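Report on the following structure.
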Amino acid sequence: MFDKKRSQISLAGVLVLLIFLASISAVIWQANRSNLNDENTLARIQRTGRIRIGFANEKPFGYLDTKTDKVTGEAPEIARHILKKLGVSDIEPVVADFGSLIPGLKAKRFDIIAAGMYITPDRGKEIAFSNPTYAIGESFIVLAGNPLDLHSYEDVRDNPEARIGVMGGSIELKYAEDLGVDESQIAVFADYASALQGLKGDQIDAVAATFLTVKDLLKKQDSAAIEQVADFRDPVINGKETRGFGAFGFRRQDVALQERFNEELAKFIGSPEHLELVKPFDFDESTLPGDVTAKELIEAP
């Protein structure tokens with residue numbers, strides 16, 4: 001005899017089981033979501049042949065050449081070479097303030113940071129990096145004659161009257177903070193053009209930047225009014241003289257893209273073709289990163 005009540009109970013049990021299985025599937029999907037994202041980012045750019053790169057309009061690392069209306073510099077030119085190897089030739093550049101590059105990458109405004117960004121442990125907590133493409137030191141721009149005799153971050157720290165200008169989100173800001181420069185002595189600017197105006201307007205006494213940035217900035221300035229500091233001493237942190245190692249930034253879940261990019265970088269960096277490509281931006285054998293990896297730099301104390 002047909003038991004309607006028992007049938008209803010069995011149906012309810014089946015529904016509960018289906019709901020349970022759906023919940024388990026959702027958990028598994030969520031757990032594997034990063035892997036799907038890894039695959040999809042690389043697959044998408046290879047399928048479409050297009051990618052967006054973020055840059056901060058800073059010479060010589062990544063900037064818009066107003067004569068050609070083309071984004072160029074050390075990082076974009078290397079990116080073009082590597083991405084072509086991956087089957088991607090259509091590159092859409094997205095400009096951002098330097099301090100907005102990591103948030104922009106994480107928000108998917110672009111897929112790679114191509115701005116010569118230094119690899120640091122703090123940044124490594126937020127994004128992933130390729131292995132480095134260059135290594136350089138620091139420098140200051142000061143008024144002609146270097147009135148306060150500033151040759152290092154420590155000189156700024158030890159002179160309460162000295163004021164330093166840095167770009168927002170830059171490694172120079174971290175160097176100043178790590179070496180004990182008082183907050184009141186640090187002025188943060190959106191770009192180097194504003195920082196140089198601050199120097200000439202007596203708002204600050206030095207502009208801090210990488211050696212190559214300083215060199216490039218002074219090419220376009222009145223050299224009689226401002227100058228590069230002679231005998232600059234690179235920061236010494238934890239008893240070790242520091243150099244900046246620049247690289248490309250990726251979202252942490254984009255492991256597949258990062259690994260493929262690194263594979264091609266390993267074949268390219270230090271080759272005659274690479275050195276010829278970056279020569280116009282003042283990079284050469286002296287700026288090669290050696291065998292240092294992103295993992296070592298991120299895990300460094």
Which of PRO289, TYR153, ALA225 sits farthest toward the positive end of the charge dipole of the chain, with +1 on the Cβ of Lys and Arg and -1 on the Cβ of Asp and Glu? PRO289
Name the residues whose placed amide hydrogens come within less than 5 Å of the amide hydrogen of PHE189, ignoring near sequence neighbours (fewer than 5 apart) on the same chain. VAL166, MET167, GLY168
Taking amide H atoms as placed 1.01 Å from N in the peptide plane, list the residues 5 or more away in sequence, or in a different chain, whose amide H sits under 5 Å from that of ILE237. THR242
For 189-199, 164-174, ranked highest to lowest by mean beta-carbon neighbours within 10 Å, the order is 164-174, 189-199
Counting only protein heavy atoms with a 1.4 Å probe and every protein chain in place, the carbon and sulfur fraction of the accessible surface of the stretch 138-241 in whole percent equals 47
Just to verify a number: FRET efficiency for SER194 and LYS84, C-beta to C-beta distance, R0 = 35 Å, to 0.05? 0.50
Once you have the Cα-Cα distance between GLU299 and VAL236, take 0.36 nm times their residue separation minus that, and quote the gain in nm to one decimal. 20.9 nm
Per residue, in Å², the accessible surface of the chain once ligands and nucleic acids are set aside, probe 1.4 Å: 52
Extension length gain for ARG109 and SER184 (0.36 nm per residue less Cα distance), in nm, is 23.6 nm
For the residue pair ASP69 and LYS219, what label-to-label distance in nm results when each label sits 7 Å from Cα along the Cα-to-beta-carbon direction? 2.3
Please report, in debye to the nearest 20, how large the charge dipole of the stretch 94-245 is about its Cα centre when each Lys and Arg carries +1 at its beta carbon and each Asp and Glu carries -1 there. 780
On a 25 Å Cα-Cα criterion, which of the cross-link pairs LYS108/LYS215; LYS84/LYS219; LYS200/LYS220; LYS125/LYS174; LYS106/LYS215; LYS174/LYS295 come out too long? LYS108/LYS215; LYS84/LYS219; LYS106/LYS215
Under a 10 Å cutoff between Cα atoms, tell me which one of THR48, THR133, THR120 has the largest fluctuation in the Gaussian network model of the chain. THR48
Under the rule of -39500 (n - 2.57) per DSSP H run of 4 or more residues, summed and divided by the residues of the chain, what mean residue ellipticity at 222 nm is obtained, to the nearest 500 deg cm²/dmol? -12000 deg cm²/dmol
In nm, to one decimal, how far is the ARG50 label point from the ASP284 one, both placed 7 Å along Cα→Cβ? 4.1
Label-point separation, VAL292 to ALA135 (7 Å along Cα→Cβ), nm: 0.5
Note on the chain: helices (DSSP H) long enough, at least 27 Å by alpha carbon along their axis, and hydrophobic enough, mean Kyte-Doolittle at least -1.0, are 4-31
Expected vector for the stretch 151-165, Karplus 3J(HN,Hα) from phi with 6.51, -1.76, 1.60 and θ = phi - 60°, integer Hz, x for Gly and Pro, equals 10, 6, 5, 5, 4, 5, 4, 7, 10, x, 7, 7, 10, 10, x
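The values are calculated or read from the model by the stated rules, or taken from the named source; none is laboratory data. Quick caveat: nothing in here was measured; it's all calculated off a predicted structure. Quick reminder, even Gly has a Cβ in these numbers, built from the backbone with ideal geometry, and neighbours come from all protein chains shown. We work out accessible area using only protein heavy atoms, side chains counted, and drop any ligands, DNA or RNA first. Shrake-Rupley method; radii C 1.70, N 1.55, O 1.52, S 1.80 Å.
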